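The values are calculated or read from the model by the stated rules, or taken from the named source; none is laboratory data. It should be emphasised that the depicted structure is a prediction, and the values quoted were computed from it without experimental measurement. Virtual Cβ from ideal backbone geometry, glycine too; neighbours counted across all protein chains shown. Each accessible area value is taken on the protein alone, full model and side chains, heavy atoms only, with ligands, DNA and RNA left out. Shrake-Rupley method; radii C 1.70, N 1.55, O 1.52, S 1.80 Å.
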Amino acid sequence: MPNADMKRFAPRDVLIAIALLTRLPVKLADEEFSRGALAAWAYPIAGLAAAFCAALAGSIALWLGVPVNIAALIVIAVQVVVTGAMHEDGLADVADGFWGGWTVERRLEIMKDSRIGTYGVLALGFSLLARFVALSYLMTLGHLWGVLLVAAATSRVPMVALMHWHDNARGNGLSHSVGRPPKEVFGGALIIGLGVAVLCAPWAAIMLFVVLALLTLGCSKIAMNKIGGQTGDVLGATQQISEIAALIVMASLAV
C-alpha cells in the first residue's frame, strides 16, 4: 500500500497523466511514474489537453473558411495524432479479441496481436463515423470548444472506474504497470469530469452522466465476462465508447 504522502493529490500527477495518455512532450523522471495509479485522477485533465489542441485546430480551420465537415475531420485527426491513436487501438483490439476468441486465453492472445481483424476494422469505422457525424452536427450549431472539452474529460472517467473496480486481466502491460487507483483517486476524476460537464454543457450534464454511468457498468460487465478483468485495451475501448456517447447525448440535447 502507498504511504500517506503517496496518497496525496500531487500537481505533477497532471504531467504524469498527460505523458501516459498523450504524445504531448512532457519531461519526467522515470521514478515519477511510480505514482501511475495515484495520478489517474488527472486523466480527465489529460483529455482536456488533447481536446484543447483539437479545438484550436478546428477553430483555425473555421476561421480560414474551411467547411464545417472538413473542419470536423481535422478536429478528429488532431485528436488521433495527439493521443497517438492509443484509445482507437484499444477499441480495435477489444473488438477483435472479445468477439474473435472463444476462451479467455485466446481473447487475450488476439488482443495482444498487432494485426487488426474484421471486427477491429468495423469498430474503428463505426467509431470514427459516429464521432464525425455527431461533431459535424454540433459544429453546425456553433458548438466546438465546450463539447470537445466535455467529451474528452468525461470519457476518461470510466477508464479510472474500471481501473479501480477490476484487477488487470493480463498481469503485464501498461495498465498492469500503472496499478489500481484507490477510491479517492476515482472520486477526484469523477468530480473533474462532472465539473467540466456542468460548466461547459449544463444542458446535457445530468443526462450525460446517467448515460456514461450505464455504459461504464455495461463495459465493466462485458470485460469481466470475457476476460475476467481489465486491460489497457479495455480502458481505451471504454474511452472511445464513452466519447461517442457523450457527443451523441450533447448533439441530441443541443437544440
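Here are the numbers:
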{"quantity": "The stretch 14-90 and the stretch 93-167: distance between their alpha carbon centers, rounded to Å", "calculated": "15 Å"}
{"quantity": "Local electrostatic count, Ala85, Cβ distance below 14 Å [Lys/Arg +1, Asp/Glu -1]", "calculated": "-3"}
{"quantity": "Cβ charges +1 (Lys, Arg) and -1 (Asp, Glu), total dipole of the stretch 80-203, debye", "calculated": "140 debye"}
{"quantity": "Other-chain or far-sequence residues with amide H under 5 Å of Arg23's (modelled H)", "calculated": "Thr83, Gly84"}
{"quantity": "Electrostatic dipole magnitude of the stretch 72-150 [Cβ: Lys, Arg +1; Asp, Glu -1; Cα centre; debye, to 20]", "calculated": "140 debye"}
{"quantity": "Cleavage-rule hits (chymotrypsin sites (Phe, Trp or Tyr not before Pro)) in the stretch 166-255: DSSP loop, at most 15 neighbouring Cβ within 10 angstrom", "calculated": "Trp203"}
{"quantity": "Cleavage-rule hits, chymotrypsin sites (Phe, Trp or Tyr not before Pro), the stretch 89-127, DSSP coil, Cβ neighbours within 10 Å at most 13", "calculated": "Trp102"}
{"quantity": "Using a Förster distance of 25 Å, the FRET efficiency for Val80-Asp113 (Cβ separation, nearest 0.05)", "calculated": "0.75"}
{"quantity": "Accessible area (Å², 1.4 Å probe, nearest 10) - Met224", "calculated": "80 Å²"}
{"quantity": "Cβ-defined net charge surrounding Glu32, 11 Å radius [Lys, Arg +1; Asp, Glu -1]", "calculated": "0"}
{"quantity": "Net charge dipole size for the stretch 7-130 [Lys, Arg +1 and Asp, Glu -1 on Cβ; Debye, nearest 20]", "calculated": "300 debye"}
{"quantity": "Accessible carbon and sulfur surface of the chain relative to its total accessible area, %, 1.4 Å", "calculated": "69 percent"}
